[in-house]
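Chemist: Mind looking over this structure? Questions follow.
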Amino acid sequence: MTPGFDHETDVIVFGAGMGGMCAALIAAHEGLDVILCEKTGQVGGTTATSAGTLWIPEAGGRGADDVAQARTYLEAETGNRGDHALREAFLTSGPDAVDYLQRHTDVKLRPVGPHPDYHPDKPGWSMQGRALGPYPFNGRLLGKDFALVRPPIAPFMVLGGLMIGRDDIPHFLKPFRSIRSFFHVAHIVTRHAIDRLTRKRGARLIMGNALVARLLFSLRKKDVRLRLNCSLVELIGEPGRVEGAVVNFNGTPTRVRARRGVVLATGGFSASKWLRAEFFAPRIVPHTSAFSGNSGDGIAAARKHSGATGDGEGGPAFWFPVSVLREHGTETVFPHIVLDRARPGLIAVNSQGLRFTNEADSYHDFVEAMFRSHATTPSIPAHLICDRSFIRDYGIGLVHPGSSDKGIERFVNAGYLRRSETLAGLAKVIGVPAKNLEWMVSEHNRFALTGTDEAFGKGSNALNRHNGDPANTPNPCLRPIVQPPFFSVAVYPSDLGTSIGLRTDVDARVLDTDGVSIEGLYACGNDMNSIMAGAYPFPAQWDPKLGIHVT
Ligand SMILES: Cc1cc2nc3c(=O)[nH]c(=O)nc-3n(C[C@H](O)[C@H](O)[C@H](O)COP(=O)(O)OP(=O)(O)OC[C@H]3O[C@@H](n4cnc5c(N)ncnc54)[C@H](O)[C@@H]3O)c2cc1C
């Protein structure tokens, strides 16, 4: 044992989300001795509650020349901002990284079908073939370790812990529509009922939860040492070099030497009051959709060791609009990702009762539009407006499609849904000028009849239409708002993850404030500065952890 240390290993990784688990797994496969330390009692972080989509050109099925197309798209999105070398490393190593995982581990990925990039007007854009998702995973295979997988957020589960994916929703809404739908639902529900006899939630895992479970399953197969309730306190080393870390293991500080490297994967700073204040201002971001354990520990520790953060040019985080249900002393934060905003018969207005954006644009762009509008007219919260038929057909936020009047009453009583028989009445309830709201809705209804949103182009591009209702004509995103009562839900900005992180070189080595690599210190996941330079071009954040390379 090296004097001054309590333990030694080749690599120590902090944070068991996608970034850290992936880094630990690959290091172990490359023959290194690894310890994976997770601050909480479960693995998964934000990854476990995410959709688990990865955006990897070429690997998503579009073929070898897709890297060139994707490069064009990324260049159009980021312009001169950010680090070109890192983006290039991502483009060229992404397919190999996916191939590596598929061949050597139980992380099995598949193209997810049509899943458009978010800006169809940009050159190199693609409708599908870049997004990958994990195959569903049977949590029973984990045995006792199943309890270590952080569950998804409650609104994304039904029947006491059954995960429902986007593909399942049409079957669950109309199980008797076809034999296929009936058997799909019957199979899932029966399996769930059996699971619930012995477990707290269903073991049919999909999306980010499947990804985390697959990573944990693979780590166990490789006998990687996973230490729960074990957190990074500080780095040990000298200027320009990190030798190890002080680790808090169940309250006991332990000095661990890492011969080959320390990997920071603590998930960014979504839960850090101080770093939010430093990087988010002047934006008002009252909520986070990311994991509450991600308090910026990796970034703070590296900064004390001269680690440099990105400049945030283009933006500090990725955004979701969220609504908040406060009921029985609890708060449920619901991200409005794709299930309601793009559907026909909904508009969003600011405090003047005026529309301010194309509601069907990506969640990130929607929140950016809230910020822009707020600079001149209070727009936080904004209000999503719809009528009774919209809730019947599509649901809004936490209110499921097909909800009965009684079901709706619960949300009205909690103040989550605002309701009135008239638009003027609704305007009064939410405190916006009635004339403006009535005018906005009548304009929108006129656009719905012609199929052209003359104000903001809702339904005018492939992304909008993909998330609209194909059965609705002439525009899948526009339908008159006419059937009382009228409803509104307040939405606020939240971050789904932070994009400012530690600057790194193409091998994920953290750079110091002079731009020089710090020997022995690596960052991945949201601890690494995003290659997107504030843009949000596609249905995933970059997964730089795939490219990590421990030398
Ligand atoms: C609803 C939702 C859907 C999303 N969908 C997608 C998607 O489809 N595709 C996509 O690319 N992104 C998506 N995201 C974003 C994505 O989930 C995150 O960017 C990603 O999971 C971050 O991975 P990570 O490994 O950096 O952090 P995390 O997965 O959050 O893991 C960080 C871990 O570090 C631990 N930790 C913190 N501090 C310490 C410490 N001091 N010591 C040890 N451990 C520590 C935490 O407890 C946590 O377990 C989504 C986010 C949300 C909220």
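Just so it is clear, none of the values below were taken in a lab; they were calculated from the coordinates. Just so it is clear, the structure is predicted and the values come from calculations on it, not from any experiment. Here the Cβ positions follow ideal geometry from the backbone for every residue, glycine too, while neighbour counts run over all protein chains shown.
Chemist: Once you charge only the Cβ atoms, +1 for Lys and Arg and -1 for Asp and Glu, what is the size of the charge dipole of the chain about its Cα centre, to the nearest 20 debye? If you can, show how the numbers build up before the last one.
Modeler: Values: 59 positive and 55 negative charges, 418 e Å.
The dipole of the chain has a size of about 2000 debye.
Chemist: Need the C-alpha centroid separation for region 326-379 versus region 259-284, integer Å.
Modeler: 25 Å
Chemist: Can you give the convex hull volume per residue for the Cα atoms of region 360-481, as a whole number of Å³? Don't skip to the answer; put the middle values down first.
Modeler: Numbers: hull volume 14.3 nm³, N = 122.
Measuring per residue, one finds 118 Å³ for the Cα hull of region 360-481.
Chemist: Compute the distance in nm between two label points, each set 7 Å from the Cα along the Cα-to-Cβ direction, one at residue 179 and one at residue 519.
Modeler: Computed distance between label sites residue 179 and residue 519 equals 6.9 nm.
Chemist: With a 10 Å Cβ neighbour count serving as the proxy for reagent exposure, in which order, fewest first, do 538, 249 appear? Could the numbers behind the result be given before it?
Modeler: Details: 538 25, 249 17.
Going from least to most buried by this count: 249, 538.
Chemist: Taking the C-alpha atoms of region 192-317, how large are the radius of gyration and the largest Cα-Cα span, Dmax, in Å?
Modeler: In Å, with Rg to one decimal and Dmax whole: 18.4, 57.
Chemist: Subtracting the Cα-Cα distance from 0.36 nm times the residue separation, let me have the gained length for residue 220 to residue 455 in nm, one decimal.
Modeler: 79.1 nm
Chemist: Follow-up. Just the ratio, please: alpha-carbon radius of gyration of region 98-147 over 2.2 N^0.38 Å, N its number of residues. Write down the numbers at each step before the final one.
Modeler: Working: Rg = 15.6 Å, N = 50, 2.2 N^0.38 = 9.7 Å.
Scaled against compact globular proteins, the figure is 1.60.
Chemist: What Kirkwood Rh does the chain have if only Cα atoms enter the pairwise 1/r average? Answer in Å.
Modeler: One over the average 1/r among Cα pairs gives 24.3 Å for the chain.
Chemist: Can you sort 435, 222 from fewest to most other Cβ atoms within 10 Å of each residue's own Cβ?
Modeler: Numbers: 435 12, 222 15.
Ascending Cβ contact count within 10 Å gives the list 435, 222.
Chemist: Right, another one. Along region 396-403, what does the Karplus equation 6.51 cos²θ - 1.76 cosθ + 1.60 (θ = phi - 60°) give for ³J(HN,Hα), rounded to whole Hz, x for Gly and Pro?
Modeler: Residue by residue, region 396-403 yields 9, x, 6, 8, 5, x, x, 4 Hz.
Chemist: A further question on this structure: State the three equivalent ellipsoid semi-axes of region 49-199, derived from the C-alpha gyration tensor as the square roots of 5 times its eigenvalues, in descending order and whole Å. List each step's numbers first, then the result.
Modeler: On the way: eigenvalues 246, 76, 39 Å².
Rounded to whole Å, the semi-axes are 35, 19, 14.
Chemist: Non-local amide H neighbours of residue 234 (under 5 Å, H modeled in plane, Pro and chain starts lacking H): which ones?
Modeler: Counting only residues 5 or more places away or on other chains, the set is 246.
Chemist: Which of the lysines could a cross-linker span from residue 174 if the Cα-Cα distance has to be under 29 Å and same-chain partners fewer than 8 positions apart are dropped?
Modeler: Excluding near neighbours in sequence, the set is 200, 406, 458.
Chemist: Let me ask you something else. Report the one residue of 348, 242, 360 whose Cα lies farthest in the direction of the positive end of the charge dipole of region 229-361 (charges on C-beta: Lys and Arg +1, Asp and Glu -1; origin at the Cα centre).
Modeler: The residue sitting most towards the positive pole is 242.
Chemist: Can you tell me the orientation of helix 207-221 relative to the chain, as the angle in degrees between its alpha-carbon axis and the longest Cα principal axis, to the nearest 10?
Modeler: 20 degrees
Chemist: Grab the eigenvalues of the alpha-carbon gyration tensor for region 297-418, scale each by 5, take roots, and send me the semi-axes largest first in whole angstrom. Show your work: numbers first, answer last.
Modeler: Details: eigenvalues 212, 72, 34 Å².
For region 297-418, the ellipsoid semi-axes come out as 33, 19, 13 Å.
Chemist: Continuing with the same structure: Over the alpha-carbon set of region 122-175, work out the extent along each principal axis and list the three values in angstrom, largest first.
Modeler: Result, largest extent first: 48, 30, 18 Å.
Chemist: Could you tell me the ratio Rg/Rh of region 297-365? Both radii from Cα atoms, Rh via Kirkwood. Spell out each step's value before the answer.
Modeler: Working: Rg = 17.9 Å, Rh = 15.6 Å.
My calculation of the ratio gives 1.15.
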